[in-house]
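Report on the following structure.
Here, each number is a calculation from the coordinates, and none is a lab measurement. All values reported here derive from a predicted model rather than from experimental measurement. Here the Cβ positions follow ideal geometry from the backbone for every residue, glycine too, while neighbour counts run over all protein chains shown.
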């Protein structure tokens, strides 16, 4: 099957099918903020901004990497990018392999003309470094979209349940290290929805990664996506067997943040994504140590309509984040991380 057909399938399935984890959650519901009844703040002066890779964003919100390679994907990407520019946020593009291998597909990823000031991330599958790709391919992906950084995404489970999956992951870390060393742009390691463990994060940091997106479990299950497009009953059953696999987003985020402290790398940017659905989720992730918080599915569904619909969703998320900060007495994102503001939620006792 061609790359563009696979991308079209992914868009269709995400829009039409239930691809959530059946039982596994993000873990964010296990936390709550301590309400501050006397915040001593002006809501209008709450500062949600964050500086990252030399750019200042209005809020720590990222449009997570989704798509590219098809006509529909081009329209979606441009709607997303226009909204990102208007709201002063960040955006990752979908895997650009199609753009590198098919010249006509490259245009479906290019959005810099409608998002001149946005923080943009290029994107390639890390495993492609074991299938003929090298530093030059990574450089071309960055140049294709005039990106500020490159995401190398990690998706071993998805590859394992795809009929056309790339399953040779041996020796990949050394090649990631070479890209980190030789590529002029920062390199970000990102899972696609099953989380990154502390052990994996340590190896990636030692290899020279500039940031980590934990992309934990609890949102879209890509094994469920692959189940819906499986061409055989055997592959369908294999994909379905891993429907609840992965490290929940909150758990992965905490583990990686703790590791950065232990490695004396407190300034290493950590992104949280995977099942983020609200401004309060964004606030919780920031409180748990995230510098940037990514969403995909909520934006995809609105990008099908218009850039205005995406911008409205972004504005609502930012407003909810701001109110959460106001009602915890946090004037800045740094203050939102103060100990004692986010606590473990307790179940209500039966009367």
Among 332, 67, 232, what is the fewest-to-most ranking by other Cβ atoms within 10 Å? 232, 332, 67
Of 37, 201, 309, the one that fluctuates the most in a GNM where the chain has Cα springs shorter than 10 Å: 37
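So for 29, 320, fewest C-beta neighbours within 10 Å to most, what's the order?
Numbers: 29 13, 320 16.
The fewest-first ordering by Cβ neighbours comes to 29, 320.
Could you line up 327, 285, 180 from fewest to most neighbouring Cβ atoms inside 10 Å? Present the calculation step by step, with values, prior to reporting the outcome.
On the way: 327 17, 285 30, 180 20.
Going from sparsest to densest Cβ surroundings: 327, 180, 285.
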Residue of 89, 316, 157 that the Gaussian network model of the chain assigns the largest fluctuation, springs spanning Cα pairs under 10 Å: 316
According to the Kirkwood expression over distinct Cα-Cα pairs, how big is the hydrodynamic radius of the range 74-219, in Å? 15.7 Å
Output the Kirkwood hydrodynamic radius of the range 1-143, Cα pairs only, in Å rounded to one decimal. 17.7 Å
In a Gaussian network model of the chain with springs linking alpha carbons closer than 10 Å, the residue among 264, 117, 166 that fluctuates most is 264
Would you mind checking the tilt of helix 172-182 against the longest principal axis of the Cα atoms of the chain, expressed as 0 to 90 degrees and rounded to 10? 80 degrees
Cα gyration tensor category, rounded, prolate or oblate, for the range 3-343 with a/c compared to 1.5: rounded
For the range 143-272, the Rg and Dmax computed from alpha carbons only, in angstrom: 15.7, 48
Please work out the ratio of the alpha-carbon Rg of the range 200-351 to 2.2 N^0.38 Å and round it to two decimals. 1.21
Between residue 304 and residue 40, how many nm apart are label points set 7 Å from Cα along the C-beta direction? 4.9 nm
Angle between the chain longest axis and helix 3-16 axis [Cα atoms, degrees, rounded to 10]: 40 degrees
Quick one: angle between helix 307-326 and the longest Cα principal axis of the chain, in degrees between 0 and 90, rounded to 10, please. 40 degrees
Length gain on complete extension for the stretch residue 32 to residue 261, per 0.36 nm per residue less the alpha carbon to alpha carbon distance? 80.1 nm
